[in-house]
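Asks: To start, I am sharing the structure in question, which I have written as structure tokens.
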Amino acid sequence: MKGPSRRLFLQFSGLAVLLTACAPRSGVGAEELTALGRRWREVTLGAGLFDPAREPYRARLARLGAAARLHREAMTPTGRSLWPDLPFPSLGATPARLRAMARAYALPGTGLTAEPGLGSAVATGIEHYVRHVYAADAGQTGNWWDWQIGAPRALLDAAVLAGPHLTGGQNAALCEAVDNFVPPDRLDDYAGNSTGANRVDLCTVTLLRAIAGADPGRAALAVSALSPVFRYVTEGDGFYRDGSFIQHGSVPYQGGYGAVALTGLATLAAVLRGTRWEIADPAFHNVLDAVDRSFAPFVHDGACLDLVRGRGVARRPYGDHARGREIAAAILLLAETAPAADRARWRGMVKGWAARDTAKPMLRAAEGDQAFHARLAAVLRDETTPEAPEPSGHRLFPRSARAVHRRPGWCAALSMASSRVAHYEHGNGENPRGWHTGAGMLYWWGRGHGDQYSDSFWSTVDPYRLPGTTVSTVRLPDGAGGAWGDTRPQADWVGGVTDGAYAAVGQHLYGLESTLEAFKSWFFLDDAVVCLGAGITSRDGVPVETVVDNRRTGAVDSLTVDAAAGWAHLDGHGGYVLPPGQPLRTLRETRTAGGASRSYATIWLDHGVDPDAAGYVYHLMPGANLAATRARAADPGWARVLANTSGRQGIAVPSLGITAACFWAGGRAGDLAASDPCAVLVRDLGDGTATVTVADPRCVLDGLTVTWDHPVAGIVDGHPILASARTGARLTLVFGRPADQAGASHTVTVRLA
């Protein structure tokens, strides 16, 4: 059987007839809103996408029906609770149970489909909850989100799904209560906690309120109030042109609020399509672009990278894979209303993620969401949709201090902090020890390492020794720094330059609640990341360390170190190359927390107590075997360090034709010189041409002059901000002020002499 059964269509059709017959009330737009309610049920429940008589749907639906039956039987309304095990206010659990019951009522195959007793129980529960907790005259206490998004979304969803069984009075009371906490003027200002994902959620609540109350004006408001979300921002919350997504003012959040926003927008676009409220704002195209620019770069083999998940990294194991599935589900839903080219590309991309996610297979894990499971299963069956491989290249996100580098067989990602981006986020008691995630944490994944940061990493890792970071070991209290991302340092030079294949990325580091200051650079190449540190200074009275790696390992993964020869190798993971004789510390330990025990191999450099202008050089070689690691250590000229000071850091890799530098101040690094702080990457393409790519990570320059001591015959392709060029024995490029001042990379192609 290739499609859903006839019985499925009859079940949904019968339910639709019943719902149509019991529209909230007649009037202008009421019929359209009733149809919109049907469309909401179809989109969110996956009507017509799956056969409820086939597995895994049959078992899942049966379990949903059994749970709903137990909830109905246990419901005991009193002045203190609706269920004895859920004392009021229970803003999350009680509305969620009512919605689960409503889903069992609305979905086919639950054994309670369109069952009047269950529908009446949902209506009774909503009425009771509105009378005793979520009342029109109730005051908001605790977290605003519960009252304005969480509870009303669940209650309204339940009301729309079980609509025929809510009386006019019950429906009116619910709408009046929602109006108390989410009045129309809540959407007047795009500011505070009504931005980004929160605005999408508030608009979703407003649309459901419009459906429940048959209010066309409120439906129009819900759609018009979405428009600010579509616009690119230059500060604060929202989508940026470089692909960044920020929430809470300073936290990169594609893997949290961003995923919520994408899911909400995909749902609303699907529900509203073909109606008078269809999203028509041309800026909605920015949301389509965000799939490739903002979300796909942070999904690796089906998992959403933790460096854009804020405080959510501390919630539960494999949360990165759960967020990856959420993003995949949103993309497949958005594809249904997207142009054909986007639809085909996205389906192939999601198919590739699902095929490569061996740590937490996506299709099996998706069984709890029938709609997503059905869409994903259809894509996986579709022989005309090829699996898209992992892309190769570099993506730099200047506005969110993030970088992602991909090469065949491995992926690396870097999280930093700046005057715009928080060291870390904590709040609601979550992630109180994420202090150093913005101190240059360098994540990396090799083949078969899809669960490296998933499987209880955050609960068991030493929070003072996160891989890639340079930290003062001064002890910090839980929740050090301000909550909700209020932990931005004073550093402006954070970012770098990329030509799309390689990158030079730097961070002027200031420690969190310490005197630590350092200059860190990473050069992302084909089989290695070359890491430089300089100017490492502290007066905290404790040791300062640079953590080369802190890898969660298996019991048989052996760590071999030859400091005299300048290398270390972790079996099954990769290699590390250092200058011969550079002191290297190692530790093998098992750490236990929250009932989980995990083994770690830690490699670090000890800069001593209160270092003054200390530095380091090392190469990370993801996936390298022992022989490759030894060979690289035996070839010190492979990557020549041109400078490693608090003024400049640069390298040259002749075999790749690369010369790159982070200029913390104007000056010279090898064959490169710059008039002002900037980042420069030169690459000889091997065909008689070369590219010179520059960026201003501080986003302040009115002009920049870069020279390259190499014979150049002429300019092949300039750039809009290139003001003038002088060729000959030396290349001199004079750049003007970038129009966007967003730290973007600008490339000039030259013909070599």
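The values are calculated or read from the model by the stated rules, or taken from the named source; none is laboratory data. Just so it is clear, the model here is predicted, and its values are computed rather than measured. No Cβ is skipped: glycine too gets one built from the backbone with ideal geometry, and neighbour counts run over all protein chains shown. Remember, those area values only see protein heavy atoms, side chains included, never the ligands or the DNA or RNA. Shrake-Rupley method; radii C 1.70, N 1.55, O 1.52, S 1.80 Å.
Asks: So if I check each of Gly581, Gly572, which one is assigned to a loop (DSSP other than H, G, I, E, B) and surrounded by 14 or more Cβ atoms within 10 Å (Cβ to Cβ)?
Replies: Unique residue meeting the criteria: Gly572.
Asks: Test Ile651 against the stated conditions and say whether it is in contact with a strand residue (DSSP E or B) (Cβ under 7 Å, 6 or more places away or on another chain), closer than 21 Å to Ala503 by Cα, β-branched (Val, Ile, Thr) and open to solvent by less than 10 Å² (accessible area, probe 1.4 Å).
Replies: Taking the combined requirement at face value, the residue satisfies it.
Asks: Find the residue count for the stretch 593-615, including only residues that are of a type in the set (S, T, N, Q) and either exposed (fewer than 12 other Cβ atoms within 10 Å of the Cβ) or more than 33 Å from the chain's Cα centre (by Cα) (or both).
Replies: Result for the stretch 593-615: 1.
Asks: What number of residues in the stretch 33-71 are open to solvent by less than 70 Å² (accessible area, probe 1.4 Å), out of contact with any strand residue (DSSP E or B) (no Cβ under 8 Å at 6 or more places or on another chain) and not in a loop (DSSP other than H, G, I, E, B)?
Replies: Total meeting the criteria: 20.
Asks: Under the condition of being of a type outside the set (Phe, Trp, Tyr) and open to solvent by less than 40 Å² (accessible area, probe 1.4 Å), which residue from the stretch 344-360 is farthest from Gly450 (Cα to Cα)?
Replies: Among those that are of a type outside the set (Phe, Trp, Tyr) and open to solvent by less than 40 Å² (accessible area, probe 1.4 Å), it is Gly348.
Asks: Do you know which of the residues in the stretch 584-632 that are assigned to a strand (DSSP E or B) and β-branched (Val, Ile, Thr) is farthest from Thr470 (Cα to Cα)?
Replies: Of everything passing the filter in the stretch 584-632, Thr592 is farthest from Thr470 (Cα to Cα).
Asks: If you check Gly533, Gly506, Gly511, Gly541, which single one turns out to be under 22 Å from the mean Cα position of the chain (by Cα) and at pLDDT 95 or above?
Replies: Criteria check complete, one pass: Gly506.
Asks: Any residue at all in the stretch 57-68 that is of a type in the set (A, V, I, L, M, F, W, C), modelled with pLDDT of 95 or more and touching a Phe, Trp or Tyr at 6+ places or on another chain (Cβ under 9 Å)?
Replies: Yes: the stretch 57-68 contains one or more residues that are of a type in the set (A, V, I, L, M, F, W, C), modelled with pLDDT of 95 or more and touching a Phe, Trp or Tyr at 6+ places or on another chain (Cβ under 9 Å).
Asks: Let me ask you something else. Which one is modelled with the highest pLDDT, of the residues in the stretch 728-743 that are in contact with a Lys or Arg (Cβ under 8 Å, 6 or more places away or on another chain) and small (Gly, Ala, Ser)?
Replies: Within the stretch 728-743, the match that is modelled with the highest pLDDT is Gly743.
Asks: Can you pull out every residue in the stretch 79-92 that is in contact with a strand residue (DSSP E or B) (Cβ under 7 Å, 6 or more places away or on another chain) and closer than 18 Å to Gln140 by Cβ?
Replies: The one that is in contact with a strand residue (DSSP E or B) (Cβ under 7 Å, 6 or more places away or on another chain) and closer than 18 Å to Gln140 by Cβ: Phe88.
Asks: Do you know which of the residues in the stretch 699-725 that are β-branched (Val, Ile, Thr) and more than 34 Å from the chain's Cα centre (by Cα) is surrounded by the fewest Cβ atoms within 10 Å (Cβ to Cβ)?
Replies: Of everything passing the filter in the stretch 699-725, Val716 is surrounded by the fewest Cβ atoms within 10 Å (Cβ to Cβ).
Asks: Of all residues in the stretch 514-558, which are assigned to a loop (DSSP other than H, G, I, E, B), open to solvent by 10 Å² or more (accessible area, probe 1.4 Å), in contact (Cβ under 8 Å) with a residue 60 or more places away in the chain and of a type outside the set (Val, Ile, Thr)?
Replies: Within the stretch 514-558, Asp526, Asp527, Arg539, Asp540, Gly541 qualify.
Asks: Taking the stretch 621-638 as the search range and keeping residues that are farther than 23 Å from Arg447 by Cβ and touching a helix residue (DSSP H, G or I) at 6+ places or on another chain (Cβ under 9 Å), which one is surrounded by the most Cβ atoms within 10 Å (Cβ to Cβ)?
Replies: Among them, the one singled out is Trp638.
Asks: Just the residues that are part of a helix (DSSP H, G or I) and surrounded by fewer than 24 Cβ atoms within 10 Å (Cβ to Cβ), please, taken from the stretch 298-312.
Replies: Those that are part of a helix (DSSP H, G or I) and surrounded by fewer than 24 Cβ atoms within 10 Å (Cβ to Cβ): Arg311, Gly312.
Asks: When only residues in the stretch 639-648 that are of a type outside the set (A, V, I, L, M) and in contact (Cβ under 8 Å) with a residue 60 or more places away in the chain count, which is surrounded by the most Cβ atoms within 10 Å (Cβ to Cβ)?
Replies: Asn644
Asks: I need the full set of residues from the stretch 128-140 which are part of a helix (DSSP H, G or I), surrounded by 17 or more Cβ atoms within 10 Å (Cβ to Cβ) and not hydroxyl-bearing (Ser, Thr, Tyr), in order please.
Replies: Within the stretch 128-140, His128, Val130, His132 meet the criteria.
Asks: Looking only at the stretch 95-111, count every residue that is over 18 Å from Trp40 (Cα atoms) and surrounded by fewer than 24 Cβ atoms within 10 Å (Cβ to Cβ) and tell me the total.
Replies: So the count comes out to 1.
Asks: Within the stretch 515-547, count every residue that is over 22 Å from Ala403 (Cβ atoms) and out of contact with any His (no Cβ under 9 Å at 6 or more places or on another chain).
Replies: 6
Asks: Return the pair list, or none, for Cβ contacts closer than 6 Å from residues in the stretch 184-202 that are touching a residue at least 40 places away in the same chain (Cβ under 8 Å) to residues that are open to solvent by 10 Å² or more (accessible area, probe 1.4 Å) and of a type in the set (Asp, Glu), at least 6 apart or on different chains.
Replies: Thr195/Asp237; Gly196/Asp237
Asks: Additional query: If Cys175 satisfies every condition in (1) under 24 Å from Thr263 (Cβ atoms); (2) outside any loop (DSSP other than H, G, I, E, B) but one, which is the exception?
Replies: It is condition (1) that Cys175 fails.
Asks: Take the stretch 83-127 and flag every residue that is without any contact (Cβ under 8 Å) to a residue 12 or more places away in the chain and part of a helix (DSSP H, G or I).
Replies: Ala93
Per-residue answers, yes or no, for (1) within 26 Å of Trp522 (Cβ to Cβ); (2) touching a residue at least 60 places away in the same chain (Cβ under 8 Å); (3) of a type outside the set (Val, Ile, Thr):
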residue	(1), (2), (3)
Ser675	yes, no, yes
Arg698	yes, yes, yes
Pro711	no, no, yes
His719	yes, no, yes
